[in-house]
Amino acid sequence: MPGMNFKLDRRVFLKAFSLSALAALWPKRSEGTVQFQNDERFPSHYIQNRDVPGFFIRSANPFPGVNMNEWALSVSGLVENPTAFQYEDLFGFKMIRQTSRLKCVECWSAKAEWEGFHMSELIEKVKPKPEAKYVAFSSADSYYESYTIDELLRDRVLLVLRMNGSALSPNHGFPLRLIAPYKYGYKNIKYITGIEFTDDRKRNYWADFGPYSVDGTIQPGIDHPLDFNKKPLPINGGEVFHFFDKRPDTRRKG
């Protein structure tokens, strides 16, 4: 993997990324207001555990994956050209490849090479109206997330189709996910089915059913990178770069 100086155990890596699905474990308000501090304390009736070669998955509601015979990316709301994109259509956008970390709010991070397209490509196609200021994402597993348009137009935010040289796996969000490296993992929505441009800020899953904010920007503190044996390292907030990462040049060209 570009910029990586150690061999990262594949099972540990994939297990770590699967834990980002813990956002889906939080009980709905109708189920009470009990809060859980870590995955060991989650009652068994909230979790389905299953072993799959290479990784371990936990989910509150079993999700078999996206049926591609029915999938399309619906882009709607305050746009001049509402469009339903098929999977193949998305590869017509300019592809960008980058290595970046997924930083979990539970204090670990792991990195991968992601490949996808910038939000500006989509905006050029659908042409949001002047009053559109926000974007609401929906997904095939009933998760939902929201951003400002400006947040999504940052250089290293991608709508991702491929991971580590291959199509996204079902566990990592196939067919389409978001990678916003300066936001906590729960903001990096998977299995995207809908993108709606709005004039008001929608809430997100964790703001409705858990203790986390709509904003979700990574705060200063401590990280335990899995590709460095979970050694505790300080972070300054925003996108996480450790001393063994190759820091990208984010300056605009031209």
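Observations on the model:
- Residue count, region 90-119 (criterion: small (Gly, Ala, Ser), under 16 Å from ARG177 (Cα atoms) and not in a strand (DSSP E or B)): 0
- All conditions in (1) over 14 Å from ILE195 (Cα atoms); (2) surrounded by 14 or more Cβ atoms within 10 Å (Cβ to Cβ) hold for PRO130, with the sole exception of (2).
- Of residues in region 205-215 being touching a residue at least 60 places away in the same chain (Cβ under 8 Å) and in a loop (DSSP other than H, G, I, E, B), the one nearest to GLN86 (Cα to Cα): VAL214
- Residues in region 196-222 that are out of contact with any helix residue (DSSP H, G or I) (no Cβ under 7 Å at 6 or more places or on another chain) and of a type in the set (A, V, I, L, M) were compared, and the one that is farthest from GLU70 (Cα to Cα) is ILE222.
- Screening the candidates LYS246, LYS202, LYS190, LYS230 for the property of being among the charged types (D, E, K, R), in contact (Cβ under 8 Å) with a residue 24 or more places away in the chain, part of a loop (DSSP other than H, G, I, E, B) and within 20 Å of ASP150 (Cβ to Cβ) yields one hit, LYS202.
- Residue pairs whose Cβ atoms lie under 6 Å apart, separated by 6 or more positions or on different chains, with the first residue in region 122-141 and more than 24 Å from MET95 (Cα to Cα) and the second at pLDDT below 95, are ASP141/PHE63; ASP141/TYR191.
- Within region 63-88, residues that are modelled with pLDDT of 95 or more sit with their Cβ atoms under 7 Å from residues that are surrounded by 11 or more Cβ atoms within 10 Å (Cβ to Cβ) and of a type in the set (Asp, Glu), at 6+ positions apart or across chains, in these pairs: SER76/GLU196; GLY77/GLU196; LEU78/ASP199.
- Of all residues in region 49-62, those satisfying the criterion of being of a type outside the set (Val, Ile, Thr) and either modelled with pLDDT under 50 or touching an Asp or Glu at 6+ places or on another chain (Cβ under 9 Å) (or both) are ASN49, ARG50, ASP51, PRO53, GLY54, PHE55, PHE56, ARG58, SER59, ALA60, ASN61.
- Taking (1) modelled with pLDDT under 95; (2) buried (at least 18 other Cβ atoms within 10 Å of the Cβ); (3) closer than 29 Å to HIS242 by Cα in turn, SER169 satisfies each apart from (2).
The values are calculated or read from the model by the stated rules, or taken from the named source; none is laboratory data. Since we're looking at a predicted model, the values are computed, not measured. With ideal geometry, Cβ positions are generated from the backbone for all residues, glycine too; neighbour counts draw on all protein chains shown.
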